[in-house]
Each structure stands twice: as structure tokens, then as C-alpha cells.
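Worksheet for the structure shown next.
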């Protein structure tokens, strides 16, 4: 099949010029020298350069290919971030995975932000204690980033690690693993509306180049800025491209992406049902979807969607030290 | 739309091309649609010569009819029916995925689209020993899950590794990257022999290039041919465009459809794509369900077979987490609205045959 020029990521004016000169498919460009092309289509040298890039597939987001065996090796090397709730970690085989988007949905007060804060601290556990030693970028859209809480959680994690110290390496590691360093390695971005969120994500690659140790991106919450865009088609479009952008970031920069979402009511006939907000289409964007909810005055997390885990339901609790397993003896 | 060149057909020499150009006839299209008598007069060439050239060019650029009997012969020799590995799905699809056709899976989040794709990929690579190309646009492909499914079917580690090597994964997150990828897959790598012209022409001749080892033909040279191309999901890259510049989005969508179709036909592969669903807000429950595949009406003509995947919720037992229902909503072979249920945990078995393998698979997970 002839490949149409429309399938190239060209700018509007260049495409029009080529079209008006009679070029329709890429094969038309064959056998023309560059100077002939400039003459024929009335384009500039700059345009030819752009065309060249587009034809080679270099413009925009390139694509990569590998066998699934190579992918398996890569997956074996990538790590997950523990949540300090062993049941939850078990259900996700190790915690919040790096290189994937994980979404946490739940009603207000069920512990979405607490989970985010916990993971933001846990990702910084030094490698000698089995952690990732990574930095965090925390996009806060709801003002839920409470320093007091993160200090509590950080102190608890430091305490936990200091109890584990056995060899010299760990003794040295614990010296630099303090509440202050934890706080200094979390970069908080306060966004008030969706434009700020989108702008921040566009600038993120630059930030990641400056801070190569970043391995967690938290957006708490993605629902708040996007929920109230009036034009539904615009909202859907923005959310879809946001989803693609996050996937791209997660895979290209090896980031764990953790986003939170609200719940909304869907009416089906006379029945109503609590479902994650932002519409069904958005539901395809996260790779893993966790549902937090109350069940008989007990907090539970349900793995609703995941390509490599069974659906599971686990209990957790939120203590002053952060997210923990439910202690059966109490 | 092809430019007139001196070596295109006998009688068309460089002098004549220059003369035609002077008369504002640059392309084959121009030549065919122009008044030949007038043109012969203007370029001072014989009408007969121009007429002959036009005949040759038309013959070169037209398709020619094939008899139905020949087509049937070809169909019998080239079409394969690729089993999905899952008996219920095979039953629904009239024994499997047909090569030369596009089959679509649609469903909401967590309805098991990717799981079905994994299952097909694993079955084709392990049981049929054929290559699979898996285009992943959502980042949802999990190689460890593939391995887990392989382990449930064979204990031989070498076989597992070989099967994994036969599944080639292309990751991309952009419509243009998807088009480039699909065109690269279809490009004939041997045709880039003689290159005249500039850098752009060279790049065109090289078929885009850049990524090695991913042509449908190349793959077929290195042991086993590609029998299945899976795009999971096609809607993830197309749906962000809809709602913006509508004509452009449509044109890109139709291009994706066109290249998928050509790929299926020319290379005899089974194409499996996934799509999201939209919910009917109106009360018209004409098609039996209140959800329908996304991407609108124009896309609905593209896949030959469409299957809707849903979670099964039973009133008595509550939600069965791993059971999914598949409903046939478009097919040229089977009656529509056939419905089958299957369990994602036991891909290669019917629900009734159980025990031994189930335990092993569960202990793996």
C-alpha cells in the first residue's frame, strides 16, 4: 500500500505546499533530488529537513521494539515500591511497580492521599535496605500534601530502618537517611487547574534530566482539576492525551506513576452504583487500578484491574505511622 | 498520483517529458485527464504516440480482474484459521482468527482485552510456533504474565524462552509512530536497491528505517513466519484525536485502518485489535446491551469480526472475578449475539476440565 503524506507528522503549511504541488503519497518523493524537491514544491531547505526527519520516523515520539524475552529481563530488573502493608504488596507482587501507571480510587477519607504519602517516603529507602533510593515529584492538586503527616511517616520509616541495621554499609546508609533528607528529596508541585498540570507534565522531561534519580511521579488527584471541565468532548480528549503522556513518561524514564481518582455515582435504571470518576474511557489509561473502600468498618483495597495480578481484596489500616497491615491480635 | 518520468514506459523519453511539463502536464493523472488532441498539438508530438503512452500508463496503474474460481483457489491455499487457544472463544469465532481479516475485541477497563491478547500471543508462539508482533500502545504488556501463561502450558524452560523470543513487542504512544511502525512492518526491505535522488528520496526508499528487525518479511526469513499482529489498543492512540480537528482525525484513523487491512491481506496475517466501549446514555437498547464499541461509526466498518468482552456478574454468587463473557456483535460467518463465557485463569481449557493444571497455575501466580 502506498503510504500517504498525511500519515507523516508534518506542519500544516508544509503539508499544504506538498499537496498543492501534486504530492500525495510518500513514493512521489522518490527519485527527486532535494533541489528538485525545493523547486517543485516551493518549499524551503528547513522544510526539506523536517520532511526528512518525518520520513525517517525521527520526529515526535519514536517507537521501540524488542522481543518479549528482552522485555522479561527488563521487567526482572525493575523494582516495585513497597507500601508497608504486606498484604497489599503481596497482591501487587511487590508493591507499586516502576514503569507503569497505578491508579488509586476511593471515596473521601478512605486513605488515598495517605497511600500516596506513604509510597512517596518508601521509594526513598536506600538500596542497602532493599529500597530504591529514588526521588519523588509530587503534583498536588487538592492541597492534601500535609507536611505534618509526611514527617510522621518519614520518622516511622527511619525508625523501622534503623532497627534493621546489621552491616557497615547499612550503618553508613542510615546516617544519610533522615527525615530531613526524605523531605528534601520530595519535590512538591502545587497545581490549581488542569492547565498547570498539563504544563507541568510537558516540562517534566527537563526536570527528570536534572534529577535523574527521580523514580516516582504522584498526581494527587487527577480527578480534581479535570472533573469540572464543562465541555465533555474536550475533557475526554485532554484526559486521553494525558493518559498517553503518562504512559510514555513511565516507560521512557522508568518512573512509577501513581495517580488518585474520585468516585462518582452512575445511575443504571433505578439503581445507582459507585464507580471511579472521569468516565469509562479514562479507565483504560492506568495499567493497574486499586479501589479503596470501607467494608464493615474496615478499610479494604481491591485490585480491580491489572494485567498480571488476580483480582484480590486486602485489608489495611492507617495508623499515625502511616499505612500498615491490619493487626489481627488487636 | 505519479510523476511522469522518462523511463516509465516505451515512447516516453526525456524530451517528451520536458515538453509535457512545459504544457503543465506533470503527472500520470494530468496526462490521463487531459485532452490528447489538444496536447499533441501543443507539444508537437503525434496523437498516436500519446495515445499509446496513455494506454500503457493506464494498464500499469490499474487493477485487473481475477476470476472467482482463482480467488477461491488462492483462499484455500493462503488462508489459515489460527486458534486462539481458548475453546469458548474459538467456538464464538468459528474456530479461531482468520488470516487476512481484522478481528476486534472491545470492552471496558479490566474486561480482559489484554488478557485475551496475551492468550492469543502465547498460543500462536508456543503451540503453532509462529511469530507474533504485539504493538503495545498502553504500556499494559507484562512479560511476566506471558511467562506465567507459558508455564501453565509447558514445563520446558527452553520452549518457554523460544516462545517469548517469537513475540516481538513494539511500544509506541503516538498515532504517527503507529503509522510509521505499521508501514515499516509492511515495507519490502529488498526493494531499496537503486536509489537516485536526494536525501529524502533515499529515506523513502529505505522504508523509514531506524528500527531493525521488524519487517513482516524479515521476520519470516529468520525462522517461522508472522501469523498474527496484535494492536493493543488501537483506540488509545486514536481517541485523543477525536474531538479536536475532526477531518484530520478521521483521515488518520482511516489510514490506520487501511494499512491494517493491507497488512492482513498482503501478508496473510491475522490482525487482532482492541477498542474501548462507550455507554449508551439514551434508552435505546436495540443491540441487546447498553455498551457499544468506541471510535464511532466509520471505524465499525473496519473490523470483519467484533467481539464485546464483559465481566460476568451473577445475582446469586456475586462477582466472579475471573469469568468474562464474550458476545459476538459483528461477524460474516456466525449469527450475531452468540455469547460464550470463559475463565481468564484457565486460558487453554474449557471450564469443566479442571483440577491438576489449575493448581499449578495458581501456585505460580
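Restricting to the range B:248-282, count the residues that are assigned to a loop (DSSP other than H, G, I, E, B), in contact (Cβ under 8 Å) with a residue 60 or more places away in the chain and more than 16 Å from residue B:306 (Cβ to Cβ). Result for the range B:248-282: 3. If we keep just the residues of the range A:277-303 that are part of a loop (DSSP other than H, G, I, E, B) and within 22 Å of the chain's Cα centre (by Cα), which is farthest from residue A:113 (Cα to Cα)? Restricting to residues being part of a loop (DSSP other than H, G, I, E, B) and within 22 Å of the chain's Cα centre (by Cα), the top hit is A:284. For residue B:129, the conditions (1) more than 17 Å from the chain's Cα centre (by Cα); (2) within 12 Å of another protein chain (Cβ to nearest Cβ) all hold with the exception of (2). Has the range A:22-43 got any residue that is touching a helix residue (DSSP H, G or I) at 6+ places or on another chain (Cβ under 8 Å), within 12 Å of another protein chain (Cβ to nearest Cβ), under 22 Å from residue A:217 (Cα atoms) and surrounded by 15 or more Cβ atoms within 10 Å (Cβ to Cβ)? Among the residues of the range A:22-43, not one is touching a helix residue (DSSP H, G or I) at 6+ places or on another chain (Cβ under 8 Å), within 12 Å of another protein chain (Cβ to nearest Cβ), under 22 Å from residue A:217 (Cα atoms) and surrounded by 15 or more Cβ atoms within 10 Å (Cβ to Cβ), which makes the answer no.
Within the set A:317, A:271, the sole residue that is farther than 15 Å from residue A:102 by Cα and modelled with pLDDT of 90 or more turns out to be A:317. Selection of the range A:304-330 for residues being facing another protein chain (nearest Cβ under 9 Å), in contact with a helix residue (DSSP H, G or I) (Cβ under 6 Å, 6 or more places away or on another chain) and part of a strand (DSSP E or B) yields only A:312. Sub-9 Å Cβ pairs linking a first residue in the range A:252-274 that is touching a residue at least 40 places away in the same chain (Cβ under 8 Å) to a second residue that is part of a strand (DSSP E or B) and exposed (fewer than 10 other Cβ atoms within 10 Å of the Cβ), at least 6 apart or interchain, are A:274/A:265, ordered by first then second residue.
Evaluate the following for residue A:246: is it in contact with a strand residue (DSSP E or B) (Cβ under 9 Å, 6 or more places away or on another chain), assigned to a helix (DSSP H, G or I) and surrounded by 13 or more Cβ atoms within 10 Å (Cβ to Cβ)?
Details: in contact with a strand residue (DSSP E or B) (Cβ under 9 Å, 6 or more places away or on another chain): yes; assigned to a helix (DSSP H, G or I): yes; surrounded by 13 or more Cβ atoms within 10 Å (Cβ to Cβ): yes.
Judged against the criteria, residue A:246 is a match.
Residue B:212 meets the conditions (1) at pLDDT below 90; (2) buried (at least 21 other Cβ atoms within 10 Å of the Cβ); (3) under 27 Å from residue A:250 (Cβ atoms) in every case but one. The failed one is (2). For the range B:221-247, the set of residues classified as within 8 Å of another protein chain (Cβ to nearest Cβ), touching a helix residue (DSSP H, G or I) at 6+ places or on another chain (Cβ under 8 Å) and in a helix (DSSP H, G or I) consists of B:236, B:237, listed by residue number. If only residues of the range A:11-21 that are farther than 16 Å from residue A:56 by Cα and surrounded by fewer than 16 Cβ atoms within 10 Å (Cβ to Cβ) are counted, the one that is farthest from the other protein chains (Cβ to nearest Cβ) is A:13.
The values are calculated or read from the model by the stated rules, or taken from the named source; none is laboratory data. Note that the structure is predicted; figures quoted are calculated from it, not measured. A quick note on method: Cβ atoms are made from the backbone with ideal geometry, for glycine too, and the neighbour counts reach across all protein chains shown.
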